[in-house]
Structures are given as C-alpha cells and as structure tokens.
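Note sheet for the following structure.
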Amino acid sequence: MSAGQAGEGQGIGAGTERTERPSLRERKKLRTRQAIATAALRLFAERGYEETTIADIAAAADVAPRTFFSYFPSKEDVVFAEIDDRLAEVSERLRRTPGETPMETIRRSIVDVLNAVVAEHRDYGPVQIALVLERPALRARALQRMTDAQEAIEALLRELCPGISEIDAVAASGIAIGGMQAVVAHCRREGYDPLSMRTALDRAVDIVEHGLVSVDALSRPSP
C-alpha cells in the first residue's frame, strides 16, 4: 500500500471499525472517570493547580474523595487521565486484522484514537498542556508516559511484524508516538477549534505514514 493510497478517503473519522459496545458498568465507570478529569481541569483553570484540592475536585464531580482515589492515585495523575486512556487505546487497537498490513493497522488505530482526542476536554485542552509545560514534576511524568508508550508500541510492532529490525521498530514507534503527541499538544496549546484540529491531525497522520512507508516490514500483508 502506497502512502498516497492510504491517504485517499481516510481522513480523521474514516475507515474506523466497529468495536464491541462496553457493558453498562464499564460505561458508568468511564463517565465517572471523565467527570472527575473534566472537573479537575476546570478547577485548575479557575483556581490554579496548587490551590485546588482533591476534596474540591471530588465535590465538583459529585463523588466522594475515596471515589477519586479509586480512579486516580494522586492529583498529578488526574492531569494525565486522557493521555493514559488514549495511549491504552492505541496499544489495544494495534492488533493485526487478517489481510491488513501493519501500516493499515497503525493508520486505523491512530485515526480511531484521534477521534476521541478531538472530542474530549475540548475547552480545557490548553489548561492541560500548560500544566504539563509549566511544572517540572508533571513534565517528568509526561516524559515517562511517552517513553512507556513508545516501548509498548515497539513491542507490538515486533509482534505484528516478525523479522522487523530493532532499529526499524524503535524508529517507527518513536515517529508514531512522538509525531502525534507533538501535534496534539500544539493544537491544544494554540486553542485550535475542532474543525482546525481535525484538519491538523489528519495532516499529521499523513506525515507519520509517509515516514513509516520506508520500513518494508510494515507494508507486508498478514497471511
């Protein structure tokens, strides 16, 4: 599959697959987690990060403080709620479909995940990015998360592409994770509206794919 062919008709939101619907319990837990994260970012924007307590966040999300700790170990972790969720989704979705090349799998997975990125925490995206950039402790945590994600994707590429070289796997995972993280952070920092962000992310997917097509193992269809 050429880069040009992959880009045709595959904008953000196109070519996604249907997945099994989560159970009612899972959906309720996800809504609670999202409510806590959104309340936290809103309070950070209104009051400041240091001035906001876990009790404040719990009250704003209409949950008990102990419920907060059921979802997040600390106040720092709630800043990364969406990042953790999206990285987990990438790992979950990067499974080869019979007849699909790893490159097609990667693009499909990225498109699905970016759809969720565009929709979530739209109003507080700049707050999230500012917190990470301004606080060394949060920046260090973000770097660790990205490193862990890159290593996880590298391991999955080795699974998807038997025989892929060590350098190809390392470079490909770095391009995919680093490129998308940089574009999402830029769009949120600059306050892109949803349509502009979709356009930017679609272009970013194209750039990532053009960088990966030189890895031959990614273009071999599965048996």
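The values are calculated or read from the model by the stated rules, or taken from the named source; none is laboratory data. This structure is a prediction, so every number in the text was calculated from the model and none was measured. Please note: Cβ atoms are built from the backbone with ideal geometry, for glycine as well, and neighbour counts cover all protein chains shown. The protein model used for the area step is the full one, side chains on, heavy atoms only, and it has no ligands, DNA or RNA in it. Shrake-Rupley method; radii C 1.70, N 1.55, O 1.52, S 1.80 Å.
Any residue that is more than 21 Å from GLU89 (Cβ to Cβ), of a type in the set (S, T, N, Q) and in contact with a Ser or Thr (Cβ under 8 Å, 6 or more places away or on another chain) - is there at least one of those in the stretch 205-221? Scanning the stretch 205-221, I find at least one residue that is more than 21 Å from GLU89 (Cβ to Cβ), of a type in the set (S, T, N, Q) and in contact with a Ser or Thr (Cβ under 8 Å, 6 or more places away or on another chain), so the answer is yes. Is there any pair linking a residue in the stretch 199-221 that is open to solvent by 10 Å² or more (accessible area, probe 1.4 Å) to one that is of a type in the set (D, E, K, R), with Cβ under 6 Å and at least six apart or on different chains, and which? The qualifying pairs are VAL215/ASP168. Of all the residues in the stretch 77-94, those that are basic (Lys, Arg) and either touching a residue at least 24 places away in the same chain (Cβ under 8 Å) or under 10 Å from ALA37 (Cβ atoms) (or both) number 1. On the stretch given as the stretch 67-76, residues that are touching a residue at least 24 places away in the same chain (Cβ under 8 Å) and under 19 Å from ARG31 (Cβ atoms) total 4. Screening the stretch 47-87 for residues that are polar (S, T, N, Q) and in a loop (DSSP other than H, G, I, E, B) and picking the one that is surrounded by the most Cβ atoms within 10 Å (Cβ to Cβ) gives THR52.
Residues that are modelled with pLDDT under 80 and in contact with a Gly (Cβ under 8 Å, 6 or more places away or on another chain): list the helices (runs of 4 or more DSSP H) wholly contained in the stretch 88-168 that include at least 3 such residues.
Numbers: elements: 102-119, 125-134, 136-160.
By residue number, 102-119.
Residue-wise test of (1) closer than 22 Å to THR101 by Cβ; (2) of a type outside the set (Phe, Trp, Tyr); (3) touching a Lys or Arg at 6+ places or on another chain (Cβ under 7 Å).
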| residue | (1), (2), (3) |
| --- | --- |
| ILE129 | no, yes, yes |
| ASP148 | no, yes, no |
| LEU160 | yes, yes, yes |
| MET180 | yes, yes, no |
| ALA185 | no, yes, no |
| LEU195 | no, yes, no |
| VAL205 | yes, yes, yes |
| VAL213 | yes, yes, no |
| SER219 | yes, yes, no |
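Suppose the filter is within 30 Å of MET103 (Cβ to Cβ), loosely packed, with under 12 Cβ neighbours inside 10 Å, modelled with pLDDT under 95 and among the charged types (D, E, K, R); does ARG25 pass it? First the steps, then the outcome.
On the way: within 30 Å of MET103 (Cβ to Cβ): no; loosely packed, with under 12 Cβ neighbours inside 10 Å: yes; modelled with pLDDT under 95: yes; among the charged types (D, E, K, R): yes.
Answer is no for this residue.
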